[in-house]
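I have placed the structure first, in the form of structure tokens, so that the comments after it can refer back to it.
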Amino acid sequence: MQPSYGQLSKLVHELGRRRNLPHAVMAVENLDGSFRWSGAVGHAQPDGTPMLADTPFFIASIDKLLTATVVLQLTEERKLQLDEPVTTCLPAGTMSGLHQLGGVDHTPAITVRHLLSHTSGVADFLEDRPAGGRSLLEEILEEGDRTWAQDEPLDLVRARLQPHFQPQNLTAPRVRSRYSNTNFELLNLLIEHLTGQSLAETFEHRLFKPLGLTRTRFVGNNPSSPGTPVSAALWCGKMPLDRPMALQSLRSINSTAPEMIALLRGLVNGRLFAQPGTFAQMQQRWIRFGLPFDAAALRAPSWPIEYGLGLMRFQSPRFLTPFHPVPPVIGHTGSTGSWLFYCPSLELLLAGTVDQVTAPALPYRILPRLLRACTTKA
């Protein structure tokens, strides 16, 4: 069954009418490209500039999927192994003292696979709060824009933050996981060290150019495609959030919904890997996040979301949708209400965002309705 243009248009307009969502954009495509739809509502900028289907937006943590893809490309090239300690892959001192727990330094036990699967236990430099203080994200939201040196996030983890658990035994039947931006900060440093290029140069060479993504760029880098609209504004509640220096320090990426779909299609179809089994390796073991209740964890992905290697899997629990079972999807979301998913059973690719810092869980709430819109006649 082909998705319904009418149902999808109705859904994006309903999303745009929600409180504190100045705009929304969505795109849906078949894996074979026989069906393509995109829609947008609202204003992209506080001055009323309309949001368009091809307006670039901040993809947030969807970039972890890109990082994981490049790391696995490097494993194909035998430049690293998933189960080798990260301390042997990075310059001396980079990881020193990052995981001090109970008087024991567990840093040497952290492997590349631990980082990719969020099973290292290392603290999150962006969202975790030091004792009696605020998180780096809270400081940025409350105090205004700022930049930081590349080593500052790791220094913060060493000096002020506590690990959550020991690096896990990944051969055990039960494994703890906790989402941490530090894991992928280390993977980005690893990519730069092994390639000898900046992360932006590496992504351009290995991801953007091979897939023809002309409107996907790191914040601060101008798109090569002429006439590209200005990127959509981020929002925090009812206030626009202008933090370009912080986004550049986070090495953030802007893209469009259609280009994100093109990237995920390239990943699913095997265009980004030399070996056909590499994408399957990302899905070899799914580890379910728990339900921690501290302030940082409330914004992060948690139960019932599962994580592979840089890849999420989500299926709405049956008791929440008893009359409309929701098939599982794989992909990634971002903390500003962005999503990029592939539904294997329907062979559908789905992308979108609402660019709202207060709506990190919205993609999981909208997904059941989005999939129903894709399978319901107009």
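When you go through (1) surrounded by fewer than 23 Cβ atoms within 10 Å (Cβ to Cβ); (2) within 19 Å of Leu11 (Cα to Cα) one by one for Pro344, which number turns out not to apply?
(2)
Report whether or not Ser61 is within 26 Å of Gly266 (Cα to Cα), of a type in the set (S, T, N, Q) and touching a His at 6+ places or on another chain (Cβ under 8 Å). Before the answer, list the steps.
Values: within 26 Å of Gly266 (Cα to Cα): yes; of a type in the set (S, T, N, Q): yes; touching a His at 6+ places or on another chain (Cβ under 8 Å): yes.
Considered against the rule, which asks whether it is within 26 Å of Gly266 (Cα to Cα), of a type in the set (S, T, N, Q) and touching a His at 6+ places or on another chain (Cβ under 8 Å), Ser61 comes out as yes.
Ala44: within 30 Å of Gln197 (Cα to Cα), buried (at least 23 other Cβ atoms within 10 Å of the Cβ) and among the small types (Gly, Ala, Ser), yes or no?
So Ala44 fails the test.
Would you mind finding the one in Leu116, Leu80 that is surrounded by fewer than 22 Cβ atoms within 10 Å (Cβ to Cβ) and within 25 Å of Ser198 (Cα to Cα)? First the steps, then the outcome.
Numbers: Leu116 fails: surrounded by fewer than 22 Cβ atoms within 10 Å (Cβ to Cβ).
Selected residue: Leu80, the only one of Leu116, Leu80 that is surrounded by fewer than 22 Cβ atoms within 10 Å (Cβ to Cβ) and within 25 Å of Ser198 (Cα to Cα).
State whether the residues of segment 12-25 include one that is closer than 17 Å to Glu259 by Cβ and in a loop (DSSP other than H, G, I, E, B). I'd like the intermediate steps shown before the answer.
Taking segment 12-25 first, the residues closer than 17 Å to Glu259 by Cβ are 25.
The next check asks that each one be in a loop (DSSP other than H, G, I, E, B); those that pass are none.
Looking for residues that are closer than 17 Å to Glu259 by Cβ and in a loop (DSSP other than H, G, I, E, B), one finds none in segment 12-25, hence no.
Would you check if Leu137 is of a type in the set (A, V, I, L, M) and closer than 17 Å to Ser61 by Cα? Outline the logic, then answer.
Details: of a type in the set (A, V, I, L, M): yes; closer than 17 Å to Ser61 by Cα: yes.
The answer is yes for Leu137.
Using the structure shown, decide if Gln7 is in a helix (DSSP H, G or I) and either of a type in the set (Lys, Arg) or over 25 Å from the mean Cα position of the chain (by Cα) (or both). Talk me through it step by step, then tell me what you get.
On the way: in a helix (DSSP H, G or I): yes; either of a type in the set (Lys, Arg) or over 25 Å from the mean Cα position of the chain (by Cα) (or both): yes.
Spelling it out, Gln7 is indeed in a helix (DSSP H, G or I) and either of a type in the set (Lys, Arg) or over 25 Å from the mean Cα position of the chain (by Cα) (or both).
Within segment 311-350, track down each residue that is modelled with pLDDT of 85 or more and aliphatic (A, V, I, L, M).
Just the residues of segment 311-350 that are modelled with pLDDT of 85 or more, to begin with: 311-315, 327-350.
Those that are modelled with pLDDT of 85 or more and aliphatic (A, V, I, L, M): Leu311, Met312, Val329, Ile330, Leu340, Leu346, Leu348, Leu349, Leu350.
Suppose the filter is modelled with pLDDT of 95 or more, outside any strand (DSSP E or B) and either surrounded by fewer than 18 Cβ atoms within 10 Å (Cβ to Cβ) or among the β-branched types (Val, Ile, Thr) (or both); does Val28 pass it? Can you show your working first?
Values: modelled with pLDDT of 95 or more: yes; outside any strand (DSSP E or B): no; either surrounded by fewer than 18 Cβ atoms within 10 Å (Cβ to Cβ) or among the β-branched types (Val, Ile, Thr) (or both): yes.
It is false that Val28 is modelled with pLDDT of 95 or more, outside any strand (DSSP E or B) and either surrounded by fewer than 18 Cβ atoms within 10 Å (Cβ to Cβ) or among the β-branched types (Val, Ile, Thr) (or both).
Among the residues of segment 1-25, how many are surrounded by fewer than 17 Cβ atoms within 10 Å (Cβ to Cβ) and among the polar types (S, T, N, Q)? Can you show your working first?
Within segment 1-25, the first condition is being surrounded by fewer than 17 Cβ atoms within 10 Å (Cβ to Cβ), and the residues that meet it are 1-2, 5-6, 9-10, 13-14, 17-20.
From the residues that got through so far, the ones that are among the polar types (S, T, N, Q) too are 2, 9, 20.
Residues that pass the stated criteria total 3.
Pairs under 8 Å by beta carbon, first residue in contact (Cβ under 8 Å) with a residue 12 or more places away in the chain in segment 266-280, partner outside any loop (DSSP other than H, G, I, E, B) and of a type in the set (Asp, Glu), six or more apart or different chains?
Sorted first by the residue in segment 266-280, then by its partner, the pairs are Phe273/Glu76; Ala274/Glu76; Gln275/Glu76; Thr278/Glu76.
Give Leu211, Leu156, Leu141 a once-over and let me know the one that is surrounded by fewer than 22 Cβ atoms within 10 Å (Cβ to Cβ), touching a residue at least 12 places away in the same chain (Cβ under 8 Å) and in contact with a Phe, Trp or Tyr (Cβ under 6 Å, 6 or more places away or on another chain).
Numbers: Leu211 fails: in contact with a Phe, Trp or Tyr (Cβ under 6 Å, 6 or more places away or on another chain); Leu141 fails: in contact with a Phe, Trp or Tyr (Cβ under 6 Å, 6 or more places away or on another chain).
Leu156 is the lone residue from the list that is surrounded by fewer than 22 Cβ atoms within 10 Å (Cβ to Cβ), touching a residue at least 12 places away in the same chain (Cβ under 8 Å) and in contact with a Phe, Trp or Tyr (Cβ under 6 Å, 6 or more places away or on another chain).
Here is a check on your reading of the model: is Ala60 small (Gly, Ala, Ser), more than 27 Å from Tyr5 (Cα to Cα), out of contact with any Cys (no Cβ under 9 Å at 6 or more places or on another chain) and modelled with pLDDT of 95 or more? Spell out how you get there, then give the answer.
Working: small (Gly, Ala, Ser): yes; more than 27 Å from Tyr5 (Cα to Cα): yes; out of contact with any Cys (no Cβ under 9 Å at 6 or more places or on another chain): yes; modelled with pLDDT of 95 or more: yes.
So Ala60 passes the test.
Answer yes or no as to whether Thr216 is farther than 28 Å from Ile305 by Cα, buried (at least 17 other Cβ atoms within 10 Å of the Cβ) and among the hydroxyl-bearing types (Ser, Thr, Tyr).
Details: farther than 28 Å from Ile305 by Cα: no; buried (at least 17 other Cβ atoms within 10 Å of the Cβ): yes; among the hydroxyl-bearing types (Ser, Thr, Tyr): yes.
So Thr216 fails the test.
Has segment 297-310 got at least one residue that is at pLDDT below 80, within 20 Å of the chain's Cα centre (by Cα), loosely packed, with under 15 Cβ neighbours inside 10 Å and not in a loop (DSSP other than H, G, I, E, B)?
The answer is yes, given that some residue of segment 297-310 is at pLDDT below 80, within 20 Å of the chain's Cα centre (by Cα), loosely packed, with under 15 Cβ neighbours inside 10 Å and not in a loop (DSSP other than H, G, I, E, B).
All but one of (1) more than 28 Å from Asn254 (Cβ to Cβ); (2) assigned to a helix (DSSP H, G or I) hold for Gly132, so report the exception by its number.
Gly132 satisfies every listed condition except (2).
Take Ala109 and decide whether it is closer than 23 Å to Thr336 by Cα and surrounded by 16 or more Cβ atoms within 10 Å (Cβ to Cβ). Explain how you work it out, then say what you get.
Values: closer than 23 Å to Thr336 by Cα: no; surrounded by 16 or more Cβ atoms within 10 Å (Cβ to Cβ): yes.
In short, no.
The values are calculated or read from the model by the stated rules, or taken from the named source; none is laboratory data. For clarity, every value in this text was computed on a predicted model and none was experimentally measured. Every residue, glycine as well, gets a Cβ built from its backbone with ideal geometry; the counts of neighbours run over all protein chains shown.
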